[in-house]
1. Name the residue that is surrounded by the most Cβ atoms within 10 Å (Cβ to Cβ), counting only residues in region 169-193 that are without any contact (Cβ under 8 Å) to a residue 40 or more places away in the chain and in a loop (DSSP other than H, G, I, E, B).
2. Would you check if residue 65 is touching a helix residue (DSSP H, G or I) at 6+ places or on another chain (Cβ under 8 Å), within 19 Å of residue 224 (Cα to Cα) and not in a loop (DSSP other than H, G, I, E, B)?
3. Any idea which of (1) surrounded by 17 or more Cβ atoms within 10 Å (Cβ to Cβ); (2) out of contact with any helix residue (DSSP H, G or I) (no Cβ under 6 Å at 6 or more places or on another chain); (3) at pLDDT 95 or above is the one residue 155 doesn't satisfy?
4. From the list 223, 199, which one is under 24 Å from residue 96 (Cα atoms), surrounded by 20 or more Cβ atoms within 10 Å (Cβ to Cβ) and free of Cβ contacts under 8 Å to residues at least 40 places away in the same chain?
5. Out of curiosity, is residue 36 more than 26 Å from residue 110 (Cα to Cα), outside any strand (DSSP E or B) and at pLDDT 95 or above?
6. Going by the conditions given, is residue 92 within 15 Å of the chain's Cα centre (by Cα), closer than 28 Å to residue 249 by Cβ, assigned to a loop (DSSP other than H, G, I, E, B) and touching a residue at least 60 places away in the same chain (Cβ under 8 Å)?
7. Regarding region 113-134, can at least one residue be identified that is in contact with a strand residue (DSSP E or B) (Cβ under 9 Å, 6 or more places away or on another chain), on the phi > 0 side of the Ramachandran plot and surrounded by fewer than 14 Cβ atoms within 10 Å (Cβ to Cβ)?
8. What is the number of the single condition among (1) farther than 25 Å from residue 143 by Cα; (2) within 15 Å of the chain's Cα centre (by Cα) that residue 198 does not meet?
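The values are calculated or read from the model by the stated rules, or taken from the named source; none is laboratory data. On a predicted model such as this, the values are computed, not experimentally measured, just so you know. Cβ coordinates were reconstructed from backbone atoms using ideal geometry, including for glycine residues, and neighbour counts include every protein chain displayed.
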């Protein structure tokens with residue numbers, strides 16, 4: 001691998017994370033941890049071919065487009081990672097082996113094999129810390145206005161895993177605070193027409209709640225993670241329709257939770 005050329009801190013942060021609609025004043029802050037599949041050239045594609053780099057192991061297809069439209073519809077800030085989750089998965093704790101996975105689904109990731117502690121620390125500093133800082137800044141800025149925002153993270157999942165077709169179409173995920181997820185599940189299950197499930201195809205036992213646990217729970221924020229089957233958001237029309245659906249039901253769920261808290 002080529003040596004890492006040090007950048008100015010602000011410049012470096014801008015290359016790995018973006019905040020869209022930073023001044024959004026709606027009731028949500030959005031995050032998309034697996035928005036991109038870009039790999040900095042010095043990592044030599046982590047030794048993977050184009051087939052692997054185009055697949056779901058490198059990013060969440062369609063998730064960024066849905067999140068961007070959601071940010072517009074909800075007038076919400078959106079914090080999105082701009083580098084592949086194979087370089088660093090921002091929805092994993094720093095100590096987790098799959099933060100820099102040596103294997104993802106069927107693929108061995110040569111560029112992540114035998115990483116030294118120094119190399120892992122360098123990736124944490126370069127790729128995770130800017131994302132963590134940007135999301136914290138958005139949440140704290142919105143919280144300063146008096147009305148606490150809710151945090152929603154947007155993901156997609158592959159329709160077929162391990163050779164088995166997944167039947168779930170939208171997963172509503174949560175950790176120990178299920179209030180917003182409960183309301184969203186009730187709303188979507190009743191009216192969306194999609195097969196909606198709780199904590200599928202992943203749940204807390206799979207280690208996927210890092211962003212919610214790290215950023216929402218300590219701040220006392222309502223929170224939810226949304227997983228969308230990627231064949232349902234494969235083109236612009238599908239992405240726009242899904243964003244419209246989710247925007248309507250997220251706003252409804254948040255209002256329901258706030259009424260319950262105020263009752």
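1. The qualifying residue surrounded by the most Cβ atoms within 10 Å (Cβ to Cβ) is 178.
2. In short, yes.
3. Status for residue 155: all satisfied but (2).
4. On the way: 223 fails: free of Cβ contacts under 8 Å to residues at least 40 places away in the same chain.
It is 199.
5. Values: more than 26 Å from residue 110 (Cα to Cα): no; outside any strand (DSSP E or B): yes; at pLDDT 95 or above: yes.
So residue 36 fails the test.
6. Answer is yes for this residue.
7. The answer is no; no qualifying residue exists.
8. Among (1) farther than 25 Å from residue 143 by Cα; (2) within 15 Å of the chain's Cα centre (by Cα), the lone unmet condition for residue 198 is (2).
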